[in-house]
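> Here it is: the structure, laid out below.
The values are calculated or read from the model by the stated rules, or taken from the named source; none is laboratory data. These numbers were taken from a predicted model, which means no experiment stands behind them. Cβ placement follows ideal geometry from the backbone for every residue including glycine, while neighbour counts extend to all protein chains displayed. Accessible surface is based on the protein model in full, side chains and every heavy atom, while ligands, DNA and RNA are left aside. Shrake-Rupley method; radii C 1.70, N 1.55, O 1.52, S 1.80 Å.
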Amino acid sequence: MDLSEPQVIRQHLIDPEICIRCNTCEATCPVGAITHDSRNYVVDADKCNLCMACVPPCPTGSIDNWRDMPRQLAYSPEVQLTWDSLPAELSPEQLAAAGGGAPAAEPVPTPQAISAPEGERFNSAQFGATVPPWSAAHAYTNLYGPKAAEKFVTATVVGNVRVTEAGRDYDTHHVVLDFGQMPFPVLEGQSIGILPPGVDAQGRPHHARQYSIASPRNGERPGYNNLSLTIKRVLQDPQGQAVRGVASNYMCDLQVGDKVQVIGPFGASFLMPNHPRSNIVMICTGTGSAPMRAMTEWRRRLRQSGKFEGGKLMLFFGARTPEELPYFGPLQNLPKDFIDTNFAFSRQPQSPKTYVQDLIRQRAADLAPLLADPNTFFYVCGLKSMEEGVVLALRDVAQQAGLSWDTLGPALRQGGRLHLETY
Ligand SMILES: Cc1cc2nc3c(=O)[nH]c(=O)nc-3n(C[C@H](O)[C@H](O)[C@H](O)COP(=O)(O)OP(=O)(O)OC[C@H]3O[C@@H](n4cnc5c(N)ncnc54)[C@H](O)[C@@H]3O)c2cc1C
Ligand code: SF4
Ligand code: SF4
């Protein structure tokens, strides 16, 4: 055996149940590690160098799947092409029995190796759960899309309002879609795909863009077959160059009565716990507030019913200024004994820059017991750049309280207790 080769690899896989076969990842991969047939998109473990270039552009998140595998047993592209769903993760015992043993020369990244070596990118897959909380409700996925009988469902716009201050360069809309008689069951934390009309520069139909659902499972309006989205109009690329995002501008400009093609729902792990006294810690920036609004509103409705004893809700919400923060007003009106809300503003005149991770550290005394409590579930959603800082802050909170991150980090991930969804 070549001892310079690790015995256990982190194998990159695509979830065939969620993938919408949009080809974005294959087009993005710089080393040609992704291929497909008429059925599945797959990753060749012998070619993939874990560069992560394909992960942010994937509209469904189906690309963001990882398994610790003994190198000699890594799933081949041929095997992956036959899958209808992802295989379960191997337990440490199964890994050892399969001959994986401990990593040899090059260790498999683990949550305690939290700061990526210089030049290497932070890999959220090391920390984020791929399983839902044990008490989550069953999520329906891919009811509409390439693998479903119906290729899309047509929804009607029944509302479109701006939820950030008017007259500024950021513009975020709350868009309500009604599905009429078509079944579209969703859970808080799931997302849908929007098919924008028209074609791209190569003349191909635009691929779907993914948006988190901002309303609870029983509808934006309770009992109605509708849902809401929180959509930021993209007018600049991450480098600050002027662009006009196809789907976000299409959605923000919709009028009541317009029809929209929708696929999905997507997502089977970023789901809220359903059991009484379960605690939820929500950490978000910008439109990452959408799933947090959905979860908060569902817990608020349950509380109103008087038939459910919810646990603690904590929200850490970051934006440059209050004016940029979607739902700022309504959030402030929620009762203090219902939700513990913490705002972080990074561009407030006359105030020091504050990020969500700063607030996490400030609230260490309250967060440490929640980290230790298996009934607490953590959700992170928003800008890709927030992930590393938030995970580092949670690690610091744990360690300062005498909790072993070596134990807690994997437990959070494997127990479906730490969910990361950034874009
Ligand atoms: C799981 C998931 C959930 C999402 N949920 C939401 C949500 O709730 N609300 C929401 O508004 N968006 C959400 N997004 C992002 C959304 O899917 C689109 O990527 C985004 O709206 C841009 O699409 P576009 O068609 O307008 O831009 P495109 O036409 O695809 O891109 C145009 C240019 O803008 C750049 N760009 C793309 N996205 C952004 C961005 N967010 N900020 C700055 N520049 C960008 C691109 O690099 C490109 O140069 C989510 C993405 C994922 C993966
Ligand atoms: S992680 Fe990088 S090398 Fe691997 S499939 Fe994605 S883009 Fe290709
Ligand atoms: S949905 Fe994601 S994994 Fe599937 S083809 Fe598109 S980019 Fe690739």
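> Over the heavy atoms of Phe338, what accessible area does a 1.4 Å probe trace out, to the nearest 10 Å²?
Counting only protein heavy atoms, Phe338 exposes about 20 Å² to solvent.
> Quick one: compute the contact order of the chain, relative version, from alpha carbon pairs under 8 angstrom and 6+ residues apart, as a percent.
Across the chain, relative contact order equals 16 percent.
> With every protein chain kept in place and ligands, DNA and RNA left out, what is the accessible area per residue of segment 298-363? Probe 1.4 Å, answer in Å².
Spelled out: the 1.4 Å probe surface of segment 298-363, per residue, equals 55 Å².
> What lysines sit close enough to Lys312 to cross-link, taking a C-alpha to C-alpha distance under 30 Å and skipping anything fewer than 8 places away on the same chain?
Within the straight-line limit of under 30 Å, Lys312 reaches these lysines: Lys232, Lys336, Lys353, Lys384.
> Something else: At 1.4 Å probe size, with the rest of the protein present, what percent of the exposed accessible area of the chain is carbon and sulfur atoms?
On the way: 10020 of 19190 Å².
About 52 percent, which is the carbon plus sulfur part of the accessible surface.
> Shifting gears a bit: Rounded, prolate or oblate, given the Cα gyration tensor of segment 127-178, with a/c below 1.5 counting as rounded? Present the calculation step by step, with values, prior to reporting the outcome.
Numbers: a/c = 2.69, a/b = 1.41, b/c = 1.91.
Oblate, because a/c is 1.5 or more while a/b does not exceed b/c.
> What stretch of the chain, leaving out the sites themselves, is the longest with no trypsin sites (Lys or Arg not before Pro) in a DSSP loop having at most 11 other Cβ atoms within 10 Å?
1-167
> Relative contact order for segment 153-266: what is it in percent, counting Cα pairs under 8 Å that are at least 6 residues apart?
36 percent
> A follow-up question, please. How far apart, in nm, are the 7 Å Cα→Cβ label points at Val161 and Asn333?
0.9 nm
> Could you order Glu93, Glu323 so the one with the most accessible surface comes first? Probe is 1.4 Å.
On the way: Glu93 130, Glu323 55 Å².
Correct descending sequence by accessible area is Glu93, Glu323.
> Report the local net charge at Gln236: Lys and Arg +1, Asp and Glu -1, summed over other residues whose C-beta lies under 14 Å from its C-beta.
+1
> When the solvent-accessible surface of protein heavy atoms is calculated with a 1.4 angstrom probe, in what order do Trp134, Trp405 fall, highest first? Intermediate results must be reported in sequence, preceding the final value.
Values: Trp134 180, Trp405 5 Å².
My answer, sorted largest first, is Trp134, Trp405.
> Here's another thing I want to ask about it. Among the GluC sites (Glu not before Pro) within segment 149-196, which fall in a DSSP loop and have no more than 16 other Cβ atoms within 10 Å of their own Cβ?
Answer in residue order: Glu165.
> Taking only protein heavy atoms and a 1.4 Å probe, what accessible area per residue, in Å², does segment 153-266 have with all protein chains in place?
In whole numbers, segment 153-266 has 45 Å² accessible per residue.
> Same structure again: Take the alpha-carbon centre of segment 126-199, take the same for segment 241-291, and report the distance between them in whole Å.
Each part's Cα centre sits 6 Å from the other's.
> Sorted by accessible area with a 1.4 angstrom probe, largest first, how do Trp66, Trp298 fall?
Trp298, Trp66
> How much mean residue ellipticity at 222 nm does the chain get from its helices, if each DSSP H run of length 4 or more adds -39500 (n - 2.57) and you divide by all residues, to the nearest 500 deg cm²/dmol?
-5500 deg cm²/dmol
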